[in-house]
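Have a look at the structure below, then the notes.
Each reported figure results from applying straightforward, stated rules to the coordinates on display, with no laboratory input. Being a predicted model, the structure only gives us computed values, none of them experimental. Every residue, glycine as well, gets a Cβ built from its backbone with ideal geometry; the counts of neighbours run over all protein chains shown.
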Amino acid sequence: MQKELAAQNLFLQELISDLEFVVRADEPNYVYWMERLGKRALRAVGAPLDLAALLHGQLYERKRAVILSSATLSVRDAGAEGSGFAPLAFQSKIQNPKSKIDAPHPKSFEYLKHRLGLSLCAPGQLDELLEGSPFDYATQCRLYVPTFLPEPGGGRERGFNEALAGALAPLALAAGGRTLALFTSYESLRHNAAALRRALAPEGLEVLAQGEDGSREALLARLKSGARTVLLGTASFWEGVDVPGDALSLLVIAKLPFAVFTDPLVQGRCELLEAQGKDPFLHFSVPNAILRLRQGFGRLIRSKTDRGVVVLCDKRVLTKRYGPAFLRALPVAARKAPDPERLAAEVGEFLGAPGGGTV
């Protein structure tokens, strides 16, 4: 029996490796791949790479009117200067659009217009409006970028996670808990959860981790209860989280939420863009990550009376050519934080956290 199971597992592994990612020549807009279900089953998955023509033909053209409304449809904020995609040498030449808030920079919605087929609409059929936020972010929120942390990515990932774990504990303690930390991988989440439990348990702070301590609803309920809680989440926690009031006062974003290139759907979309002569990084990875970052940032300030701090731990927004595009997408100017002790002190001072201390 064991030999049969071993043979079946070997067969499944070989099948997955052979069929993991396939783009059919007769259907270049579709990608197919295999996913393992348990130890003895597989399923074949297929998905379209480009929904533009499908949505345009089967939705927009069949309706008298369609309204798309969201806080994260554009790649920049209403008051930001420029689109963030111009080369650094030319950014100073972009005019400030504040005086024309009803005629946003043409690249504000460009990414989603192409993704959702809106760019296929005839001239005069599409109206755009980019409104400002009702929140006073300048007084309600602060955004810090710790420059003392190493850059993530590549072979530096382990060192980044070690440094991040060391920086998170003082920040959470300075905020008296009331913290949501967003990660881009479960591996990094689990590593930081273990380190935070060791550091914060003696201080009376509870550390909850997605995938370890209950359902998404149960974890959010615990955070909303106002306890001295630090919640670590990934994937679905970047959106749909609504915790108004003091229960959530510190939002930590571990890394820029770039899509994983090993994902078959992401890989297929990048190859499709390359076939069209476009740079997948500039036309997919960057704008997709910007929208995701805006969604994550929006978890913090949920009402006109909320106050909070966002700590974006990925200093590539300061060192990389694409960094300004991410900073322009956020509604408050970033502050550099070169010193971990001073950062924790400023977080505690701004939030007026009770029971603050040091680890």
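What does a probe at ALA201 reach in region 215-235, counting residues whose amide N is under 16 Å from the point 7 Å along Cα→Cβ? Hits in region 215-235 for ALA201 at 16 Å: 230.
Using the Cβ-Cβ distance between GLU274 and ASN29 with R0 set to 22 Å, the FRET efficiency works out to roughly 0.95. Mean sequence separation of contacting Cα pairs (under 8 Å, at least six apart), scaled by the length of region 238-359, corresponds to a relative contact order of 33 percent.
Among ARG328, ARG197, a tally of other beta-carbon atoms within 10 Å of each Cβ gives an order, fewest to most, of ARG197, ARG328.
Under 5 Å from the amide H of VAL310 lie the amide H atoms of ARG142, LEU143, TYR144, LEU251, each residue being 5 or more positions distant or on a separate chain, with H modelled from the backbone and absent for Pro and chain starts. Note on GLU239 and ASP339: with the Förster distance fixed at 25 Å, the Cβ-Cβ geometry gives a FRET efficiency of about 0.20.
Extension gain, LEU54 to LYS304, is 86.1 nm, computed as 0.36 nm per intervening residue step minus the present C-alpha separation.
Take the Cα of LYS224, step 7 Å toward its Cβ, do the same at THR262, and the gap between the two points is 3.6 nm. For the pair region 260-313 / region 161-234, the C-alpha centres are spaced 23 Å from each other.
Applied to region 48-57, the Karplus parametrisation 6.51 cos²θ - 1.76 cosθ + 1.60 on θ = phi - 60° returns per-residue 3J(HN,Hα) values of x, 7, 9, 9, 4, 5, 5, 5, 5, x Hz, with x for Gly and Pro. Between GLU349 and LEU129, the C-beta separation translates, for a Förster distance of 41 Å, into a calculated FRET efficiency of about 0.60. Loop-located chymotrypsin sites (Phe, Trp or Tyr not before Pro) across region 247-330 with a Cβ neighbour count of 12 or fewer within 10 Å are PHE261, with loop assigned by DSSP. Computed from backbone phi, the HN-Hα couplings of region 235-249 come to 6, 5, 6, 6, 8, x, 9, 10, 10, x, x, 6, 4, 10, 10 Hz, rounded to whole numbers (Karplus: 6.51 cos²θ - 1.76 cosθ + 1.60, θ = phi - 60°; Gly and Pro given as x). For TYR30, the residues whose amide H sits under 5 Å from its own are ARG24, LEU49, ignoring neighbours fewer than 5 places away on the same chain, with H placed 1.01 Å from N. With the simple model of a label 7 Å out from the Cα in the direction of the Cβ, ARG216 to THR319 spans 3.3 nm.
Annotation: amide H of ALA209 within the under-5 Å range of LEU232, sequence separation 5 or more or interchain, hydrogens built in the peptide plane.
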